[in-house]
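In what follows, a structure is listed as structure tokens, so that the remarks can point back to it.
What follows draws every value from the coordinates through simple rules; no lab data is involved. On a predicted model such as this, the values are computed, not experimentally measured, just so you know. So basically every Cβ, Gly included, is an ideal-geometry build from the backbone, and we count neighbours across all protein chains shown.
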């Protein structure tokens with residue numbers, strides 16, 4: 001076939017149509033890729049937001065469970081003087097009253113300033129700090145049972161919690177004196193009164 005026999009207008013139209021089709025197809029393919037990429041980015045962003053919201057919701061739900069579980073115990077410790085301000089006046093009043101009821105012949109005490117207490121075991125206190133007030137307790141007792149009775153009254157009546165780090169005993173005299181106003185045993189005990197407070201020093205409000 002000679003070049004003169006070709007129908008150039010028809011051929012040109014077909015070529016133009018083919019070229020337009022290729023261009024349109026390319027644009028569609030490119031647009032589809034761009035749309036797919038944007039949708040993937042949008043999905044990733046929305047999914048990340050959903051996961052963050054879900055984690056916050058789960059954290060709030062878990063925190064609510066912990067509050068329901070531990071808040072009554074927190075209130076109990078607060079009301080009992082373990083958490084919050086130290087109950088130094090209460091300790092001294094209960095100690096004097098207990099000594100009078102047991103009829104301890106002699107009782108004196110000294111409390112040092114409150115200080116931060118670092119336990120030997122690991123304690124996760126978070127925003128709170130454990131404090132300690134040392135008490136030196138000197139007593140004249142008729143017999144050893146008076147000391148146990150005194151600690152029993154402190155356990156049941158005094159606010160807060162304490163531990164006895166040491167007690168030392170010595171005889172007041174070689175002979176036993178039956179006079180209730182005189183002690184047969186000299187006792188020196190070191191007590192640690194513990195209080196939990198906010199580490200920043202602010203008052204705890206419940």
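Structural remarks
- Averaging the sequence gap over all C-alpha pairs within less than 8 Å and six or more residues apart, then dividing by the number of residues, gives the range 63-206 a relative contact order of 32 percent.
- Counting other Cβ atoms within 10 Å as a rough exposure proxy, the listed residues 194, 70 run 70, 194 from fewest neighbours to most.
- With the highest mean first, a sort of the peptides 74-80, 185-191, 108-114 on other beta-carbon atoms found within 10 angstrom per residue produces 185-191, 74-80, 108-114.
- Paramagnetic label zone (point 7 Å from Cα along Cα-to-C-beta, residue 67; backbone N under 20 Å) in the range 127-142: 127-128
- Residue-span extension gain [residue 165 to residue 188] - 0.36 nm each, minus C-alpha spacing: 7.2 nm
- Where Rh is the Kirkwood radius over Cα pairs, Rg/Rh for the range 88-198: 1.05
- Length released on extending from residue 97 to residue 21, taking residue separation times 0.36 nm less the Cα-Cα span: 17.0 nm
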